[in-house]
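Heads up, the thing below is written out as structure tokens.
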């Protein structure tokens, strides 16, 4: 494949569809993030530590000197899988939640956090045996800098502990998710990178929730790229006076998102309602007489509902061949990703790189301090 490179060590070290060979174009995002993490190494916890894709990604994390991966699960099973892959576990931390010395303290904290929901200490002790719950408490306690889950469990199983334990950001009430798409065409988004939300959490967000999603997604986009977020609130109309409730919701969400950004002094451009082609194509935007800073130059796309967001990113990924990283959770005070059960080792590594960079102060991340 001309102009493309394989990600070293993330090609199929074992057979099977989940370890398919993956190629990426010589695009800037992941190599850029890797370089920054090497300067500020981070601990990423993986609840599914025995999964071959997770082990491959963790091996690359160590090989590239990006920090210490934390693998949860039965030690014997993790070692057995690593041996089958001929993979060295040196530099990785292995923890079995069922036998951890931190389990009693984690259980006490969980019981306190969920006391108003009726969770007893005995129930909390049982809960922390679950790797996703244990990993979330490691994140909450500062024993890990970021979390990547979802390789072998349903989205609800991966997300539930995070939403129950990790607090929201100060100015955001809604937890949601985003996908990062990366293309060889640099004119798209920020040097070929687009941020899409919400693609995995809230089926039918209200205008208030859409505003939260827009602001929190823009914050992550700025953190990772150091570029001003240009947020397009998408609809099937552009700057119309159409009275349909779906259009009115996006219109209201646009105003609410602008107000939130101003109140929090967050530098970003937000506009809508706007059709997707007008958001991304300057010629189309001009034809439709849209001249604001977002039209034709958007790097953040906010969809009106989960149907639109999820279908859009999967279509683009399948047909346009771009790399996709996520779901990256937004609105939470600690960085985490909920990846697909169909993810490759490359996808796991990419998601881990994104959330690890979220854990680095933005001034350090971009050399401004």
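What to note about this one:
- Qualifying residue in region 73-86 (condition: in contact with a strand residue (DSSP E or B) (Cβ under 6 Å, 6 or more places away or on another chain) and either in a helix (DSSP H, G or I) or modelled with pLDDT under 95 (or both)): yes
- Residues that are farther than 14 Å from residue 217 by Cβ, touching a residue at least 40 places away in the same chain (Cβ under 8 Å) and touching a helix residue (DSSP H, G or I) at 6+ places or on another chain (Cβ under 6 Å) within region 230-255 comprise 235, 238, 249, 252, listed in sequence order.
- Every pair of residues 6+ apart whose Cβ atoms lie under 8 Å, when the first sits in region 274-294 and is over 10 Å from residue 232 (Cα atoms) while the second is surrounded by fewer than 13 Cβ atoms within 10 Å (Cβ to Cβ): 285/291
- Condition check for residue 90: in contact with a helix residue (DSSP H, G or I) (Cβ under 6 Å, 6 or more places away or on another chain) and in the same structural domain as residue 355 (by TED's automatic domain parsing): no
- Among residues of region 176-198, those that are assigned to a loop (DSSP other than H, G, I, E, B) and surrounded by 24 or more Cβ atoms within 10 Å (Cβ to Cβ), counted: 2
- Qualifying strands (runs of 3 or more DSSP E) (wholly inside region 208-324; at least 1 residues being surrounded by fewer than 21 Cβ atoms within 10 Å (Cβ to Cβ)): 269-274
- Residue match in region 296-308 (condition: on the phi > 0 side of the Ramachandran plot and outside the structural domain of residue 142 (by TED's automatic domain parsing)): yes
- Qualifying residue in region 334-346 (condition: at pLDDT 95 or above and not in a strand (DSSP E or B)): yes
- Residue-level analysis places residue 160 outside the set of residues that are outside any helix (DSSP H, G or I), in contact with a helix residue (DSSP H, G or I) (Cβ under 8 Å, 6 or more places away or on another chain) and free of Cβ contacts under 8 Å to residues at least 40 places away in the same chain.
- Residue match in region 62-71 (condition: crowded, with 22+ Cβ neighbours inside 10 Å, in a helix (DSSP H, G or I) and at pLDDT 95 or above): no
The values are calculated or read from the model by the stated rules, or taken from the named source; none is laboratory data. As the structure is a prediction and not an experimental result, all values here were calculated from the model. Neighbour counts run over all protein chains shown; Cβ positions are idealised from the backbone, glycine included.
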